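To start, the structure under review is shown below, and the notes come after it.
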Ligand code: UDP
């Protein structure tokens, strides 16, 4: 990686943020369009929230929360394979309720345990759930969504407390998409997600994104705030902004809500502590979940590290908060952003810039789309 110490105004393109969007776009612009690119990053590393690093114990950790890479796109796997090898994704999550571990997302095994009936099969479980479901044709919020899928008992056991802790907002005030991210399965598939490809970069995400930005056309300025260089970028020069959209526009339409997280990492003098990578605590503790990422990284080490995740109102922005008042504010910023693209050649891409929860594969897809948009202008 070519780390530079100072800003210069003679690059063909500027990318604000060295997360997945920034790295993919830098790579595409540099290798496909032969542009000279400067990435400006506020933190002291690339890879954004996918950043993984070594804890003082030598155990690899996901510093900003676990990333379970998955995609249905073979093309995306092929693209990323230029920068990494892979190990199979081992994404198993359980939910801890009254000292018992239940498979999560809810599947047939969860239901058997919950209803204390080992004979439940797919047909029996469908009939049982049908009797529990609270009908709602078009759920407009997370509470309606979950009630219409699994009924009140399981909603209150697995979702209500966790969601209140995670968001400090009642599920009935959160968009259906929040809890709708989690599948409900009537078979015994215990994987966290359903995607065709569930793979983890064999040397980690930081290495994968780092390899992406080693191209000779790419320079990286670390620990530099956008505000400090903003006025030095020549007007009209291609810029990709991946930071918070409300901040870019000086909060002129008000503040968007963001949810933050705090992580506590604890080392243990044994190889593993948990039976799987993630345990959720919908009813106990102040933290939402504990993560032992060794289950996913496959690292062999005599010690282990557990991360405890505490949701916070203040701090770095992790999650947009999908509820009506924010949707209305975002719409106004979005139309400013569209003007900014047209008038000043600034593109807005990614979770913070589009105020939308994207998984890593989704955000890479967004970056690719932005690249094609930019490329179409260079082709003309
Ligand atoms: N959720 C829940 N119980 C759980 C796990 C998740 O109620 O045990 C809800 C919660 O509102 C959470 C959302 O489902 O914010 C999405 O969960 P996911 O695991 O995808 O959250 P992320 O990993 O993105 O924080």
Can you give the alpha-carbon Rg of the stretch 94-204 over 2.2 N^0.38 Å, where N counts its residues?
1.12
Where the centroid of each part is defined by its Cα atoms, how far is the stretch 125-141 from the stretch 69-104 in Å?
28
Quick P(r) readout (the chain; Cα-Cα; 20 Å bins; whole %) gives 26, 56, 18, 1
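From the mean inverse distance of alpha carbon pairs (Kirkwood) and the Cα radius of gyration, derive Rg over Rh for the stretch 50-121.
Working: Rg = 17.7 Å, Rh = 15.8 Å.
The Rg/Rh ratio comes out at 1.12.
Kindly provide the helix-only [θ] at 222 nm of the chain, computed as the sum of -39,500 (n - 2.57) over DSSP H runs of four or more divided by all residues, to the nearest 500 deg cm²/dmol? Present the calculation step by step, with values, prior to reporting the outcome.
Numbers: 13 runs with 124 residues, N = 380.
Calculated from helices alone, the mean residue ellipticity at 222 nm is -9500 deg cm²/dmol.
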Taking a spot 7 Å from the Cα of residue 79 along the direction of its beta carbon, which residues of the stretch 34-51 have an amide N less than 20 Å from it?
34-40, 46-51
Take each of the peptides 267-273, 26-32, 233-239, average the number of other beta-carbon atoms within 10 Å over its residues, and list them starting from the highest.
26-32, 233-239, 267-273
Model label zone, residue 378; criterion: amide N under 17 Å from point 7 Å along Cα-to-beta-carbon; scope the stretch 2-18:
10-16
Among DSSP bridges having both ends in the stretch 231-380, what percentage is antiparallel? Round to the nearest 5.
85
Pairwise centroid distance, computed over Cα atoms, of the stretch 358-380 with the stretch 255-313, Å:
32
Could you tell me the extents of the stretch 137-182's C-alpha atoms along the three principal axes, largest first, rounded to whole Å?
27, 21, 16
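Just the number, please: percent antiparallel of the DSSP beta bridges in the chain, rounded to the nearest 5. The partial results should precede the final answer.
Numbers: 31 of 51 bridges.
The antiparallel fraction comes to roughly 60 percent.
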Note down the nm distance, to one decimal, between modelled labels 7 Å out along Cα→Cβ at residue 328 and at residue 263.
3.6
Estimated FRET transfer efficiency when R0 is 51 angstrom, pair residue 188-residue 232 (beta carbons, to 0.05):
0.30
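Short version: what are the Cα gyration tensor semi-axes of the stretch 1-142, square root of 5 times each eigenvalue, largest first, in whole Å? Don't skip to the end; give the middle numbers.
Values: eigenvalues 410, 78, 48 Å².
Its equivalent ellipsoid spans semi-axes of 45, 20, 16 Å.
Kindly identify the stretch 248-380 as rounded, prolate or oblate by the Cα gyration tensor criterion: order the square roots of the eigenvalues as a ≥ b ≥ c, call it rounded if a/c is under 1.5, otherwise compare a/b with b/c, prolate if a/b is larger, else oblate.
Cα axes put the stretch 248-380 in the oblate bin.
Readers should treat all values here as calculations from the given coordinates under stated rules, not as data from a laboratory. Every value quoted in this text rests on a predicted model; they were computed, and no experiment measured them. Note: ideal-geometry Cβ built from the backbone for every residue, glycine included; neighbour counts use all protein chains shown.
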